[in-house]
Each structure stands twice: as C-alpha cells, then as structure tokens.
Amino acid sequence: MAWRNDQVSEYETDRIIKVARECLIVSGDMVELGCYKGDTSLMLAEVIRGTDKKLWIYDSFEGLPEKSEKDESVIGENFKAGALMVTKREVKERFLRAGLPVPIIKKAWFNELRYEDLPSEICFAFLDGDFYQSIKDSLELVESKMAKNGVIMVHDYKNEALPGVAKAVDEWKKDKDVKFKEYQSLGIIII
Ligand SMILES: C[S@@+](CC[C@H](N)C(=O)[O-])C[C@H]1O[C@@H](n2cnc3c(N)ncnc32)[C@H](O)[C@@H]1O
C-alpha cells in the first residue's frame, strides 16, 4: 500500500516504516504518542499486521496544548493551542475503512498518562507531540518500557519551527547510554 502522510515527509515515512519493520524482531509492542488523524498509526498497523504485536496510540484529541517558552521559534507563530484537533472516533473509523485492526487508542494529555496506560514492553516508539513538554513527558513515559535494541523515533528533532523538540531530546539523552542518529527531521534513539 502507498502511504500518504500530511505531517511527515515521504523520506521520513520510508525511514519510519523501515525502522519499525526492523523492530519486529525486538520484543514488545509499538506506540505512537501524538497520533493526530492516524496517518503514521495506519502505517505502523500495516507493519505489525499478522504478528502478535499490538499498536497503542495516544493523543489529547483536543489538539495541541499551550506551548512553553522553550518552544519559542524565531521563524513564526504557527502551532497554536487547539490546532490539529480530530476526534478519537474519526481515527478509529479510518482503521475500519482501511481494513486494519483498530489499535488501542487512549485519549489523554501525556502528563495524565500512567505507566499502566502503556504496554509492558515497547519495541518501537514514535513521538510526535511537537512541543518541549509533550516530548519530555513522552520520553519519560516510554523510557522504562523500552526493550533492548528498541527504537524511539522523535519527529521534528531538526525542525527549526519546533525548537522545543530538540531541547527536550538533548536534555533527556545527555545522561543516557543510548545511540543517537538523525535522519531529515527525525531524531532516532537506539536503546
Ligand atoms: C503533528 S501531530 C501528530 C501527527 C501524527 N504523528 C502523524 O504522523 O500524522 C501532533 C499531535 O500531538 C498531540 N499532542 C501534542 N502534545 C500533546 C500532549 N501533551 N498530550 C496529548 N496530545 C498531544 C496533538 O493533539 C496532535 O494531534
């Protein structure tokens, strides 16, 4: 199937699929924090189709939160609170229309999620919350659940319009023993 994604470039999409496929041999499920209307979630559902892995996806379904001073960008005033809002039902219906298994969909702000809301082990995590605090909260939620050789991919790490993303990742990884790579706007953390 050819995947279309409004939020992620074609090259990034290919890389997400490739890395997620490589993670099929790692134990644990896949998660996406910040699923929006589910474009990347649909791709991940296709990747795990026919395996015993599950996909867990998370969003406020109220759009973006307020940004913090760490998100102040020199190149514009996009990404307002409440932007990128869709309903959980819309996302669920996209999976049904695509004939793909509906993932576990949780509606919450990331800072309201508890560890029990995530799978016990994660092989691949895609973090796409756009802002400093959203990425910081996401990293803190997934870190203790990541399997050895699992991968955390952070979208917008190199996006100048969203400087809070790199700040959150760089602060988090400075005292961690992880490998880190960049690909286009993606930051790729290998556990
Ligand atoms: C850029 S969109 C995600 C795009 C999606 N990953 C894709 O590939 O199509 C960012 C999403 O993150 C959600 N989000 C951002 N910060 C959040 C937070 N702190 N808690 C819950 N959802 C959040 C927004 O509601 C929005 O749907």
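What the table shows:
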{"read-out": "Filter result (surrounded by fewer than 22 Cβ atoms within 10 Å (Cβ to Cβ), in contact with a Gly (Cβ under 8 Å, 6 or more places away or on another chain) and of a type in the set (A, V, I, L, M)) within region 17-36", "value": "V26"}
{"read-out": "Members of region 110-120 that are part of a loop (DSSP other than H, G, I, E, B) and surrounded by 15 or more Cβ atoms within 10 Å (Cβ to Cβ)", "value": "L113, L118, P119"}
{"read-out": "Number of the exception - G129 against (1) within 15 Å of the ligand (Cβ to nearest atom); (2) not in a loop (DSSP other than H, G, I, E, B)", "value": "(2)"}
{"read-out": "Strands (runs of 3 or more DSSP E) wholly inside region 1-107 that include at least 1 residues being touching a strand residue (DSSP E or B) at 6+ places or on another chain (Cβ under 6 Å) and under 18 Å from Y132 (Cα atoms)", "value": "29-33, 55-59"}
{"read-out": "Count of residues meeting criterion [surrounded by 16 or more Cβ atoms within 10 Å (Cβ to Cβ), in contact with a Leu (Cβ under 9 Å, 6 or more places away or on another chain) and not charged (D, E, K, R)] in region 37-77", "value": "11"}
{"read-out": "From R94, R89, residue being surrounded by fewer than 21 Cβ atoms within 10 Å (Cβ to Cβ) and touching a residue at least 12 places away in the same chain (Cβ under 8 Å)", "value": "R94"}
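Values in this text are rule-based calculations from the coordinates and carry no lab data. These numbers were taken from a predicted model, which means no experiment stands behind them. Because the Cβ atoms are built from the backbone with ideal geometry, glycine has one as well, and the counts that use them run over all protein chains shown.
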